[in-house]
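Everything on this sheet refers to the single structure shown next.
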Amino acid sequence: MTSAFEDYDAIIVGSGAGGCAAAKTLIDAGLRVALVEKGRELPRDESTLDIGKVVHEGLFKSQESWVDGRGQEFKPEEYFNVGGKTKWYGAALLRYSPNEFLPDPAHQCRGWPISYEDLRPYYDAATRDLGVRLFDCEPDLARIAATMTARCPEWRSEPMPLGLASGIVANEREASHFDGFASVAGLKSDAETAFLMRARQSPNLTLLAGVAVDDLVGDRENPTRIRGVHLTDGRTLRARCVLLGAGALHSPRLLQRHVERHRLQKSVLGLGEVGRNLKMHLLTAMVAVSPSLKTDLIRKTRLFLNDDLPHSSVQPLGFDGELISTLIPRWVPGPVARFVGGRSYGFFLQTEDGSDRDNRVIGAGAHDAASASRPTLDFDETRMRPALDEHRRLIRQFRGALLRSGLIAFSQRVGLAGTAHVGGTLITGDDPNTSVVDAHGKVHGLAGLYVVDGSVLPRSSRVNPSLTIYAWALRTATLLGRQLTGHASREAAVSV
């Protein structure tokens, strides 16, 4: 199936949600896959559940320095390890609604080139593979929800679909440390647990961990035909196609490097849009305090919605009192913070941001980057006034609803470093003038290059993006697999 020139049928860069889902799908199709991950496998010594190591020391976070649009240095909350950020986040697995595949110009939202119905079978498959389930609403949250919806009927709550094993409730440490922590016992349905582990025994899978891709390799005579990747250890891997799954901050940087080196941005439609239309959600963490102790374990079991805030949602943080105390202002003495934390519930408020071309990622060394040595993340929420206005209303209205329910709340905006929901830097669309990736996941104008991570998302929705990334990757890999094995349907009949 592969020629002497090709080492693999497909090379996948990155082992997060999209990378692992695509790898499992292509391997099931009988194809030879190399999965390249910059980080290594996480330790199993329970250090990934340790608040001191994970939160206070930031032991597992990337230390890569970036600059913002004004040239100020910061470090995005990124993780390089097998399984990607899904090891740490990604337990809340919600679908986008059908209307969130449509354009919404009033909110600066672009539409998808596919519909909800096109993605629905892959949503269904991802839901099965990830073991998504509902958990009973625990007593403290049940009281908050009942009181709030009774006194503030504009708010309603719905069950939160979670990628957690049912047995997690019997493991107190894991249950109270799944949100922002990596499971040691395999009780969270992250990308490694749900997809990669099922493919590890296949001779068709080569996992290369602890080595990064530093460049795409094009055909010698035609740089618009991607032939493989070059690794930082000096090796070159070649394949029939390459799939980018390194995430919305990192995949565009690889593509930018190739585009600029071969000066393709002016000759190939769509490549001038690489890195643009960055989306992150507008996010706020809110801590609600009451006189009574809070003893719920999982906590993240309900989603709060308000029809007057159609682009926003609220979900509890899966944080226990000890972790909530870390969100309390630092000037509060430690014993007081722990006392307050034990009587608090955390909430995560998010609003869909629109698209703006000037919100973008610029790779280090790019000709218009603010710094030649560091990548740039230029994101300004004031460029999306409708989203910013709604998020401010969301904060006021939810704080007011909590107050009427007997809880006093204080909040803190999640800053630029909070990149858990980042997406949109290689957006999918039918028009190569305004998008980078087509409806099949293929990069416009480049043969052999596909994208399977959150960078394709043309909308951020009002919920977490993980399940949609899994579904997109399953769809892209399924269509590509049919083509590579010679079983392409009409839908999959696109040029590799």
Within the range 37-137, list the GluC sites (Glu not before Pro) lying in a DSSP loop whose Cβ has at most 16 other Cβ atoms in a 10 Å radius. E41, E46, E57, E64
Give me the dipole magnitude in Debye, nearest 20, for the range 22-62 about the Cα centre, with unit charges on the beta carbon: positive for Lys and Arg, negative for Asp and Glu. 220
Find which of L134, T478, L323 sits farthest along the positive direction of the dipole of the chain, computed with +1 on the beta-carbon of Lys and Arg, -1 on that of Asp and Glu, about the Cα centre. L323
Along the range 45-52, Karplus-curve 3J(HN,Hα) (6.51, -1.76, 1.60; θ = phi - 60°) to the nearest Hz, with x for Gly and Pro, reads 8, 6, 5, 6, 10, 8, 4, x
Separation of the range 427-480 and the range 242-260 by C-alpha centroid, Å? 13
Under the Karplus relation 6.51 cos²θ - 1.76 cosθ + 1.60, θ = phi - 60°, what is the ordered set of whole-Hz ³J(HN,Hα) values for the range 430-447, x standing for Gly and Pro? 7, 8, x, 6, 10, 9, 10, 10, 8, 5, 9, x, 8, 5, 4, x, 10, 7
Loop sites only, by DSSP: take the chymotrypsin sites (Phe, Trp or Tyr not before Pro) in the chain that have at most 15 other C-beta atoms within 10 Å and name the longest stretch containing none of them. 6-330
For the chain, with the dipole built from +1 on Lys and Arg beta-carbon atoms and -1 on Asp and Glu ones, taken about the Cα centre, which of L244, A199, W88 lies farthest toward the positive end? W88
Neighbourhood charge, 13 Å Cβ-Cβ cut-off, centred on S290 and excluding it, Lys, Arg +1 and Asp, Glu -1: +2
Charge dipole (debye, nearest 20) of the chain; +1 at Cβ of Lys and Arg, -1 at Cβ of Asp and Glu: 200
Cβ-placed point charges (K, R +1; D, E -1), dipole of the range 220-370 about Cα centre in debye, nearest 20: 840
Under the rule rounded for a/c under 1.5, else prolate if a/b exceeds b/c, else oblate, using alpha carbon gyration tensor axes a ≥ b ≥ c, the range 1-104 is classed as prolate
Would you work out which of P103, V211, F60 lies farthest towards the positive end of the dipole of the chain, given +1 charges on the beta-carbon of Lys and Arg and -1 on that of Asp and Glu, about the Cα centre? F60
Cα gyration tensor shape for the range 86-221, rounded if a/c is under 1.5, else prolate or oblate: oblate
Which of rounded, prolate or oblate describes the range 408-475 when judged by the alpha-carbon gyration tensor and an a/c cut-off of 1.5? prolate
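Taken together, the values in this text are just the output of simple stated rules run on the coordinates, not laboratory data. No experiment lies behind these values; they were computed from the predicted model shown. Cβ sites come from the backbone with ideal geometry, for glycine too, and all protein chains shown count toward neighbours.
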